[in-house]
Amino acid sequence: MNEITFRLARAGADLAVLVSLYDAAARWMQESGIDQWKPGGKDEAHFRQRMADGEVWLAEAGGGIAGAFELWWSDEPAWGPRPPEAGYVHRLMVDRGRAPAGTGRAMLAHGERRIAEAGRQWARLDCVSSNPRLRTYYEAAGYTVVGEQSSKKDNGGGSPYAVTLLEKRLAG
């Protein structure tokens with residue numbers, strides 16, 4: 001099995017890699033009948049901003065990039081105003097041709113460690129409500145459903161699609 005290591009993404013060459021990962025994941029979703037991400041939906045400016053506002057992590061295995069995720073320190077659009085008690089995992093993406101089995105879980109675990117290192121007790125994330133398979137994946141990783149949010153078409157803010165809110169208490 002390939003060892004999975006992590007490093008912070010850097011502005012520059014990593015931006016193109018992140019856009020490519022996102023677009024590949026979006027194409028896979030479309031091919032799988034999942035109405036969520038769209039190719040071209042996130043550009044280099046998006047990932048540059050995420051690096052400025054939080055952290056963007058790359059997972060490496062077998063000498064190349066196997067996946068990436070964003071770690072935010074607040075997420076008012078989805079979760080509302082909250083005290084600084086959580087980190088928010090977003091855009092978990094894997095390179096389906098390179099990532100060894102377990103890369104997604106390894107990225108979640110890395111995000112959870114970073115959140116705990118920052119002194120926060122909750123890892124939070126959201127997933128599109130119309131994808132029960134993804135919800136089951138997160139629940140199997142120890143996350144608990146704590147709410148639902150309708151699409152911004154319905155409520156004027158947050159996600160363009162309805163999402164399920166999940167969280168996991170971290171050992172403190």
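Side notes on the structure shown:
- Using a probe of 1.4 angstrom and keeping all protein chains present, the accessible surface of the chain works out to 50 square angstrom per residue.
- Computed lengthening from Lys38 to Glu3, 0.36 nm per intervening residue step minus Cα-Cα distance: 9.6 nm
- Rounded percent of accessible protein surface that carbon and sulfur make up, segment 35-100, 1.4 Å probe: 45 percent
- Total formal charge among the other residues, if their Cβ is under 11 angstrom from that of Ala66, Lys/Arg +1 and Asp/Glu -1: -1
- Most mobile of Met29, Met107, Met93 in a GNM of the chain (Cα contacts under 10 Å): Met29
- Value of [θ]222 nm, deg cm²/dmol, for the chain, DSSP H segments ≥ 4, -39500 (n - 2.57) each, nearest 500: -10500 deg cm²/dmol
- Relative contact order (percent, whole number), the chain, Cα cutoff 8 Å, 6+ residue spacing: 18 percent
- Most mobile listed residue (Pro100, Pro83, Pro132) in the chain, GNM with C-alpha springs under 10 Å: Pro83
- Qualifying trypsin sites (Lys or Arg not before Pro) in segment 8-42, where qualification requires a DSSP coil assignment and no more than 13 other C-beta atoms within 10 Å, comprise Arg10.
- Förster radius 35 Å - calculated FRET efficiency between Thr144 and Ala45 (Cβ-Cβ, nearest 0.05): 0.55
- Cα centre as origin, Lys/Arg/Asp/Glu Cβ charges: the chain dipole, Debye: 140 debye
- Positive minus negative residues near Asp23 (Lys, Arg vs Asp, Glu; Cβ under 11 Å): +2
The values are calculated or read from the model by the stated rules, or taken from the named source; none is laboratory data. None of the values given here were measured: they were computed from a predicted structure. Cβ sites come from the backbone with ideal geometry, for glycine too, and all protein chains shown count toward neighbours. What goes into the accessible areas is simple: the full protein's heavy atoms, side chains included, and nothing from ligands, DNA or RNA. Shrake-Rupley method; radii C 1.70, N 1.55, O 1.52, S 1.80 Å.
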